[in-house]
Amino acid sequence: QVQLAEPGGGLGQAGGPLRLSCAASGRAFRSYSMGWSRPAPGKGREFVSYISGGGSIYHADSVKGRFTISRDNAKNTVYLHMNSLKPEDTAVYYCAAAQSSSYITTRPDYWGQGTQVTVSS
């Protein structure tokens, strides 16, 4: 069983930065693919970024060039570094974990509770 905790989130300004973190319990963290998802109008959910256990990275077009994802396996933590924030980035962001990178965007094994990000213009 893996538990994901997402402290923080918070308020950012348009054009500014914000960093999200997700701490995972369990000893198999380094093998999990980890990602960040947010609600998307008309699409239900959008995975903005994910990183595999091997370090392969994906970013959605909507955040490419602005967001980066990284992981610290020693701390069992994944980060979403958000830059050049836009008001449309306002959402609840959910951390997700999957044992297989094939399923990180479709059938994650675990979800965090979500953290609110609000971007003011």
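The values are calculated or read from the model by the stated rules, or taken from the named source; none is laboratory data. These numbers were taken from a predicted model, which means no experiment stands behind them. Counting neighbours? That spans all protein chains shown, and the Cβs are built from the backbone with ideal geometry, glycine included. Ligands, DNA and RNA are excluded from the accessible area calculation, which covers all protein heavy atoms including side chains. Shrake-Rupley method; radii C 1.70, N 1.55, O 1.52, S 1.80 Å.
Here are the numbers for the structure shown:
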| quantity | calculated |
| --- | --- |
| Computed lengthening from R66 to S120, 0.36 nm per intervening residue step minus Cα-Cα distance | 17.8 nm |
| Solvent-accessible area, 1.4 Å probe, carbon plus sulfur percent, for the range 70-121 | 44 |
| Size of electric dipole in the range 1-109: Cβ of Lys, Arg +1 and of Asp, Glu -1, about Cα centre, debye, nearest 20 | 140 |
| Note, ³J(HN,Hα) from phi for the range 10-18, Karplus 6.51, -1.76, 1.60, rounded to Hz, x at Gly and Pro | x, 10, x, 9, 4, x, x, x, 7 |
| Per residue solvent-accessible surface (Å²) - the range 41-121, probe of 1.4 Å | 51 |
| Semi-axis lengths, Å, the range 1-81, gyration tensor of Cα atoms, sqrt of 5 times eigenvalues | 22, 15, 13 |
| Whole-Å semi-axes of the ellipsoid equivalent to the range 7-47 (Cα gyration tensor, √5λ, descending) | 24, 18, 8 |
